[in-house]
Every structure is written in C-alpha cells, then in structure tokens.
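Reviewing the structure listed below.
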Ligand SMILES: Cc1ncc(COP(=O)(O)O)c(C=O)c1O
C-alpha cells in the first residue's frame, strides 16, 4: 500500500475543492490541488516553527532562498544568484505583477490557448489586450510557434509572452528546441517572457524539465520565471511561490510593480517550502510514479468510451479530455449530475473539453471514473 492510497476526509477543512459540492454526492476533481497529505517532513517543520509562539514580521528567509537555489541547480542544472530569487505569496499574484511591470498602456500580451484562466485575466485586470495563439489536439497541442512569429512581426504591440511550461491544462512539456525557438523570436521582437513553471517538478515518465531561462544568457536576460513547491508537495493553502529574475533591470521593474500591493510571504509558507525542497525528494519521486499510474488508468478508461479522447498528459495531475462528440450543452452540469465534479473546458478557452484532476487516492479515482463511465453510458 502506498502512502498516496490513504483516503483523507477534507470536508471539515474549508477546502475550495470540496466546499464547491458540500452536501452533494459529487467527487470533486476540478481545481488543481491533490487529496494527499503533505509530506511528513513538511508537517514536522511547521510544527517545529509553531513551537515558537511569536509570529511577527519576517526578514528575507535566507535559508529558504538557499534551498531554492540548490533545488534549481541540482534538478535543472540552473545556477542562479541568490539575489535573483524573490519570494511571492503566489504565482497568480506574480503573473499580475508581471503584466503590471512589463506591459505598457496600449500594448498586449501573447498567450497560447487553451490556457490557465489567470493568463487571460491578468492582462484584463490591467486593461491590456491579449493576443491569442491557438493550440489544437490535431497538432498534438504543440506550441504555436508560427503564430507567435506572425504576431510578433505584425502590428500587435506585444510586450510580453506568458507561457505555461509545462502546460496547464493540456499537460504538454516544451522541449529544448522549441524553447530555443521561442527565446529567439522573443529576442528579435524584444519581448519579455514570463515562464510559469509551477508544474515543472511534476513531469511524468522520467521526463526532464528545462527552465526556459536556463537555455542561454540571452533567454535569461529577458525571462521572469515562476515556480513553487505548492503544486508538487500539495501546499497551495500556504501561499508561497518564488520568482527567478536574473536580469537586475527586469527584477527592479518587477519589484516596483508590486510595491505596496504585494503581500509578504507568510511564515509557514516559506518554512514548508524549505522542508519540501530539502527533505522530500523521495516523496516526490514516489508521487510521480503514483500519478503516472493514475494517468494511465484515466487514459485506459477514457479511450474505451465512445465519443471521448485524450492525449496522454506528459506532466501535471490534470487530464484534458475531449468530449466534443458528446455534444453536451453544459459538460460541468452533466457530469455533476452523475456525481463527478470536473472543470469545464470553456474556462480555459477549450470548449468541448473537460479537465479532470487525478491527484487523488486510487480508490477515489476509480469511483470518479466509474461515474464518468455511467454518465457517458447514459447518453
Ligand atoms: C499554470 C498555473 N499557474 C499558477 C497556478 C496557481 O498558482 P498560485 O496558487 O501560486 O497562485 C496554477 C494552479 O493551478 C497553475 O496551474
């Protein structure tokens, strides 16, 4: 039995995932957190910190920065100065801060869709335009590099490319040649790149992540990277992420854009991040195996169902399932009626798709999949 097989009742914890369907017999498989306990060393580090009863303001947590720096070099052969690492209460606030910092009035952000909704919301929040690049299943969810080139060479006024690397919701990993091409065209057009790498520690099947900024000095000079321990170690409620910005000018502009509005990272968030990145590698490796098996099980069931299709996710614990052939008016409500709480593709600008979170114990997954099958069989 795996530690990830343990079923934990989250209903009394004000979890957004579970509160959405409170009082209903619906298994929530929508928002991106997992139903697994945080690793024991993380829980212990938090408890140890709480043994000290004073929870005042913190200085910059240098031991945490040190651990992040080591994580980047040991996992990604990416050597960065400590000053390049900034803590943030979340990647979503950091995405908004990046738009505020780097996109001038009247200018726009390029985003490949389907995408994580805050990529589209952050420009809107600053009244900046979005230039969409379209990815398709027919093209294997490849990054639409030709569209990016066209958009950057046309009169679209792009200041920033926002990249989900690896990609939520489609679960695709960008390889080095593609990263080089993206960096090259952004260099030519003098566009800043915001590389959201929050899922980068969740590559399946022994794939290796390459941080975009690590591929060359030129890429590093125009890239702001966001990562966190929150998805990997299931710590999203603790509000701690980090930005890596090697170019001091970009870093200063980014920091200025957050001045007065960006909160400090909370004590337990950086304590947990430090423990996760320094003491939990075996937990993470076991998790990846478990997730890959869950992913395989989802694909096996989906591929057997008439009208559904899926491309095997290469990363994340999110399955992006094509249900267009079912011609459902409202996929969310349809599956919820059968007791399965998925995220509707429209939210990601992928109508006709559903996103199913398989970061849960196998028994929960099996029950969710049984409900998926019952729903589809009812048609
Ligand atoms: C690509 C991506 N970025 C950011 C986030 C959320 O980041 P945070 O919780 O740190 O704001 C998510 C969560 O699903 C995500 O998928």
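The values are calculated or read from the model by the stated rules, or taken from the named source; none is laboratory data. This structure is a prediction, so every number in the text was calculated from the model and none was measured. Every residue, glycine as well, gets a Cβ built from its backbone with ideal geometry; the counts of neighbours run over all protein chains shown.
A few notes on this one:
- The set of residues in the stretch 197-230 that are out of contact with any helix residue (DSSP H, G or I) (no Cβ under 9 Å at 6 or more places or on another chain) and surrounded by fewer than 24 Cβ atoms within 10 Å (Cβ to Cβ) comprises 207, 217.
- Among (1) over 30 Å from residue 65 (Cα atoms); (2) without any contact (Cβ under 8 Å) to a residue 12 or more places away in the chain - the single one residue 135 does not satisfy: (2)
- Residue among 171, 106 that alone is modelled with pLDDT of 95 or more and within 19 Å of the chain's Cα centre (by Cα): 171
- Single match in 154, 171 (criterion: in contact (Cβ under 8 Å) with a residue 40 or more places away in the chain and farther than 23 Å from residue 259 by Cα): 171
- Selection within the stretch 197-222 - over 18 Å from residue 242 (Cα atoms) and within 16 Å of the ligand (Cβ to nearest atom): 203, 204
- Criterion: within 25 Å of residue 5 (Cβ to Cβ), more than 16 Å from the ligand (Cβ to nearest atom) and loosely packed, with under 15 Cβ neighbours inside 10 Å - qualifying residue of 82, 37: 37
- Note on the stretch 162-177: residues that are more than 24 Å from residue 71 (Cβ to Cβ) and crowded, with 17+ Cβ neighbours inside 10 Å total 2.
- Tallying residues that are part of a loop (DSSP other than H, G, I, E, B) and within 29 Å of residue 374 (Cα to Cα) within the stretch 15-47 yields 16.
- All told, residue 9 falls short of being at pLDDT 95 or above, in a loop (DSSP other than H, G, I, E, B) and surrounded by 15 or more Cβ atoms within 10 Å (Cβ to Cβ).
- Single match in 318, 308, 291 (criterion: touching a helix residue (DSSP H, G or I) at 6+ places or on another chain (Cβ under 7 Å) and crowded, with 18+ Cβ neighbours inside 10 Å): 308
- Selected residue (criterion: nearest to the ligand (Cβ to nearest atom)) from residues of the stretch 315-333 that are part of a loop (DSSP other than H, G, I, E, B) and farther than 27 Å from residue 175 by Cβ: 323
- Screening residue 197 on (1) over 28 Å from residue 272 (Cα atoms); (2) in contact with a strand residue (DSSP E or B) (Cβ under 7 Å, 6 or more places away or on another chain) shows it passes everything except condition (1).
- Applying the criterion of at least 3 residues that are within 14 Å of the ligand (Cβ to nearest atom), under 15 Å from residue 197 (Cα atoms) and out of contact with any helix residue (DSSP H, G or I) (no Cβ under 7 Å at 6 or more places or on another chain) to the helices (runs of 4 or more DSSP H) found wholly in the stretch 87-177 leaves 91-102.
- In the set 306, 336, only one residue is more than 16 Å from the ligand (Cβ to nearest atom) and either under 20 Å from residue 116 (Cα atoms) or part of a loop (DSSP other than H, G, I, E, B) (or both); that residue is 306.
- Selection count, the stretch 209-229, where residues are part of a loop (DSSP other than H, G, I, E, B) and in contact (Cβ under 8 Å) with a residue 60 or more places away in the chain: 4
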